[in-house]
Amino acid sequence: MEDRISDIHGALVNLHGEPEPPRDMHPIDSVIHTILSQNTSDENRDNAWDDLVSEFGHNYEAIENADHDELADAIRTAGLANQKASRIQDSLRTIREHTGGEYSLEFIKEMDVDEAQSWLTNIKGIGDKTAGIILLFRFGMDYFPVDTHCERLAKRFDLIPEDASYARAHELLTEHVPSDIKYSFHRLLIDHGRAYCTARDADCSNPVCEQFCDCEYC
């Protein structure tokens, strides 16, 4: 399995190039940024992030205590603004209460992966994928976040069983994707899923799909 994953990774790098490293963000910013990214495009997420920073700066106390409607208006371009405003404020409140008054996630570094994932997912609105992105992107932990692209391509590339649940997909990919390419492979699967291996009417006329995929569109 590991050899096949490494071969697929190499082919993806040849086609798409090595992904840019994660943005250098404060871990709390990363939590907010990741919440904004849920169910929207990268462009809308980034526009909402810029609007939020323009309105509040990086003043986490001001964001936590902002009027809910005012915060929702500031992030409107990300979609689901009311829901995301609540999730952002709940996250900040939970972090502050855990640390005794600080907006810091430094304590995550002292946890193992399972403990850190469990702590983050206890925050309302932070699921396994959101937690996984924070742990991998910000803390470099040995975790493989699975989104719809990763799950779809992993099945088409015969890395996980077709009937694998989301939880099983995460478990298998976290176990078998080598630690040193977890971030790169995650990003490349998303890039390839958007560019070629779409959910419907996939374009299989590319060297990665031609070599590794045998889906209904190939």
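The values are calculated or read from the model by the stated rules, or taken from the named source; none is laboratory data. Computed from a predicted structure; not experimentally measured. Cβ placement follows ideal geometry from the backbone for every residue including glycine, while neighbour counts extend to all protein chains displayed. Ligands, DNA and RNA are excluded from the accessible area calculation, which covers all protein heavy atoms including side chains. Shrake-Rupley method; radii C 1.70, N 1.55, O 1.52, S 1.80 Å.
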Residue in segment 11-23 that is touching a helix residue (DSSP H, G or I) at 6+ places or on another chain (Cβ under 8 Å), among the β-branched types (Val, Ile, Thr), part of a helix (DSSP H, G or I) and over 22 Å from residue 120 (Cα atoms) present: yes
Out of 216, 151, sole residue that is open to solvent by 20 Å² or more (accessible area, probe 1.4 Å) and under 21 Å from residue 40 (Cβ atoms): 151
Matching residues in segment 82-96 - criterion: being open to solvent by 50 Å² or more (accessible area, probe 1.4 Å) and under 20 Å from the mean Cα position of the chain (by Cα): 83, 87
Leading residue by the ranking (farthest from residue 37 (Cα to Cα)) among those in segment 118-147 that are part of a helix (DSSP H, G or I) and modelled with pLDDT under 90: 128
Qualifying positions in segment 114-135 - buried (at least 20 other Cβ atoms within 10 Å of the Cβ) and touching a residue at least 60 places away in the same chain (Cβ under 8 Å): 126, 130, 133, 134
Long-range neighbours under 9 Å by Cβ, at least six apart or interchain, first residue under 14 Å from residue 119 (Cα atoms) and polar (S, T, N, Q) within segment 74-99, second outside any helix (DSSP H, G or I) and open to solvent by less than 10 Å² (accessible area, probe 1.4 Å): 91/123; 91/126; 94/123; 99/105
Leading residue by the ranking (nearest to residue 185 (Cα to Cα)) among those in segment 154-167 that are of a type outside the set (Lys, Arg) and crowded, with 21+ Cβ neighbours inside 10 Å: 154
Odd one out for residue 99, checked against (1) open to solvent by 30 Å² or more (accessible area, probe 1.4 Å); (2) at pLDDT below 95: (2)
Residue check, residue 40 surrounded by 13 or more Cβ atoms within 10 Å (Cβ to Cβ) and part of a helix (DSSP H, G or I): no
Count of segment 49-64 residues which are touching a residue at least 12 places away in the same chain (Cβ under 8 Å), under 26 Å from residue 119 (Cα atoms) and open to solvent by 40 Å² or more (accessible area, probe 1.4 Å): 2
Unique residue being surrounded by fewer than 21 Cβ atoms within 10 Å (Cβ to Cβ) and within 15 Å of the chain's Cα centre (by Cα) when the list is 140, 79: 140
From 45, 4, residue being modelled with pLDDT of 95 or more, basic (Lys, Arg) and either surrounded by fewer than 18 Cβ atoms within 10 Å (Cβ to Cβ) or touching a Cys at 6+ places or on another chain (Cβ under 7 Å) (or both): 4
Subset of segment 168-182 [of a type outside the set (D, E, K, R) and either out of contact with any Gly (no Cβ under 8 Å at 6 or more places or on another chain) or open to solvent by 60 Å² or more (accessible area, probe 1.4 Å) (or both)]: 169, 172, 173, 174, 176, 177, 178, 179, 181
Residue ID - surrounded by the most Cβ atoms within 10 Å (Cβ to Cβ), chosen from residues in segment 183-197 that are under 18 Å from the mean Cα position of the chain (by Cα) and of a type in the set (Ser, Thr, Tyr): 183
Among the candidates 32, 28, residue that is among the β-branched types (Val, Ile, Thr), more than 30 Å from residue 197 (Cα to Cα) and not in a loop (DSSP other than H, G, I, E, B): 28
